[in-house]
Amino acid sequence: MSRNLPVKADRIAEDIDALARITEPDHPWTRRAFSPLFLAGRAYIESRMKAAGLETRIDAGGNLIGLRKGRRPDAGTIMVGSHSDTVPDGGRFDGIAGVISALEVARALKDQNIELDHDLEIVDFLAEEVSIFGVSCIGSRGMTGQLPEAWLTRLSGERSLAQGIAEVGGDPATLLAQKRPDIKGFLELHIEQGPVLEANKEDVGVVTAIAGITRVEITVEGRADHAGTTPMESRSDALVAASQLVLDIRNAAAELARTPGHFAATVGEFRMEPNAANVVPSKVVLLIDGRAEIRADMEAFCRWLDGHVEKLAAAYDVVIAPPNRVSDNHPTPGDPRLLTILEHAADRVGAKHRRMASGAGHDTAWIAKVAPAAMIFVPCKDGRSHSADEWAENDDIALGAAVLFEAVCEMDKGLNEEKA
Ligand SMILES: [Zn+2]
């Protein structure tokens, strides 16, 4: 790539490589939140923040923040960041590409002696991935007063989440009262974790919305009987009914996915009883993970599901309780003004871009509840992520970082004009 970018690709590569070396050696790439390796990774990031002239701190939510002061103390904060924790055996780029790109924005501003009016904060959010405490996006929720109080007593072994947050330098005592009204705009760069950009030879995805996630539990009850002696036509087989349901869910989701707006539904958890070779299955519990960019799609899916399980119960002579929504989060749209700024920024650096939704959850979704927020995707190989095979080309990340840089500069001007 011979583009003349405002950011330096080799600095990005150096940092991503350095962090890749901070991993459990036999489980690349593993740097799970709250582990000693995670803290080692953070120490590296903090040293790089300091080298870039940033003032570092850990906030109450356990987020590592590097601050570049703006000229106008009252202007508020432009924030850019992502996460440095990983899932087990994955994540050489997931999260860290965004943290290092954000850091590179600060370095590029320094290189060019650009002073912003706003404070600029580069953030490594604590525990974006599902952590040892069984919950995710701890830092972005914590920073903005959205962490449920009950989570603080969740245990991992002997350790509570409150202790875990304290050990990384956060402050559980003041955590629940955190508010960040000073955030005027937030941006996150992330690898796509899907195949769209690579397949279309595009550089940047401007994320229109982060899909809402709805989890629905369904219990199918049949009757245990002898597998050898019970005639086929007089069985009440919970597994047969549940299997039909799984196929029907797949087809209903595929149909919704063909209409505008991202939609996906997966039966990812499935338990059967008694799970014995010579017994007709008496009970199946399955959990559906549904993702929708457009809320009406999820409502339509749930309405279909409610009616469909009644029909299946009758057809297969089983009992299916009304589907139970165990969790239900609405989609988070990107801030329209920031989406336009990001598209202009992509045009300025010559990055081919498209608007697209995120099927995965991100810290941006939590920040977006309290401040204008948006994110961009950069391509990743074969759409793979959460795997040791996850890969993104450094030039692609650098181009994304350049988009962030241009967007931050435009936000600094644009957000002021609004005030004036
Ligand atoms: Zn991530």
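The values are calculated or read from the model by the stated rules, or taken from the named source; none is laboratory data. None of the values given here were measured: they were computed from a predicted structure. Reconstructed Cβ throughout: ideal geometry from the backbone, glycine too, with neighbour counts over all protein chains shown. Note: areas computed on protein heavy atoms with side chains; ligands, DNA, RNA excluded. Shrake-Rupley method; radii C 1.70, N 1.55, O 1.52, S 1.80 Å.
What's the FRET efficiency of D317 with E55 using the Cβ-Cβ distance as r and R₀ = 51 Å, to the nearest 0.05? Efficiency at R0 = 51 Å is approximately 0.15.
Taking every Cα-Cα distance in the stretch 234-275 and sorting them into 5 Å bins from zero, the calculated P(r) comes out as 5, 19, 24, 19, 13, 9, 6, 3, 1 percent. Dipole check for the stretch 212-328: with +1 at the C-beta of Lys and Arg, -1 at the C-beta of Asp and Glu, and the Cα centre as origin, the magnitude is about 140 Debye. Rg/Rh for the chain stands at 1.03; both radii use Cα atoms, and Rh follows the Kirkwood definition. Accessible surface computed residue by residue for the chain, with neighbouring protein chains in place and a 1.4 Å probe, gives 42 Å² per residue. Excluding same-chain neighbours fewer than eight residues apart, the lysines reachable from K184 by a Cα-Cα span under 17 Å are K69, K369, K413, K419.
Its Cα gyration tensor gives the stretch 304-405 an equivalent ellipsoid, and the semi-axes of that ellipsoid, as √(5λ) in whole Å with the largest first, are 40, 19, 12. Restricting attention to the stretch 12-151, close to 55% of DSSP beta bridges with both partner residues there are antiparallel. The distance separating the Cα centre of the stretch 146-161 from that of the stretch 11-53 comes to 25 Å.
Between F270 and V135, the FRET efficiency estimated from the beta carbon spacing at R0 = 30 angstrom works out to 0.85.
For K201, a cut-off of 19 angstrom between C-alpha atoms picks up these lysines, skipping any fewer than 8 places away in its own chain: K352, K381.
Across the options T259, M411, I22, the greatest Cα extent toward the positive end of the charge dipole of the chain (unit charges at beta carbon of Lys, Arg, Asp, Glu) belongs to M411. Counting only lysines at least 8 places from K283 when in the same chain, those with an alpha carbon closer than 29 Å to its own are K311. Between the listed residues A224, L161, V196, the Cα displaced farthest toward the positive end of the dipole of the chain, a dipole computed from Cβ unit charges relative to the Cα centre, is found at L161. Inter-label distance, E158 to A18: 3.5 nm, where each label sits 7 Å from its Cα along the C-beta direction.
Treating the beta-carbon of each Lys and Arg as +1 and of each Asp and Glu as -1, no other charges, what is the dipole magnitude of the chain about its Cα centre, to the nearest 20 debye? The dipole of the chain has a size of about 540 debye. Taking all C-alpha pairs of the stretch 155-313, those more than 29 Å from each other amount to 49 percent. Here the spin labels are modelled as points 7 Å beyond Cα on the Cα-Cβ line, and at L287 and N251 they lie 2.7 nm apart.
Projecting label points 7 angstrom from Cα along Cα→Cβ for E299 and Y44 puts them 4.7 nm apart. In the chain, taking the dipole from charged Cβ atoms about the Cα centre, the farthest positive-side position among G350, A373, A398 is held by A373.
For the chain, the carbon plus sulfur part of the accessible surface works out to 52%, probe radius 1.4 Å. Residue by residue, the stretch 393-403 carries 3J(HN,Hα) couplings of 6, 4, 4, 5, 5, 4, 5, x, 4, 5, 5 Hz when phi is fed to the Karplus relation 6.51 cos²θ - 1.76 cosθ + 1.60 (θ = phi - 60°); x denotes Gly or Pro.
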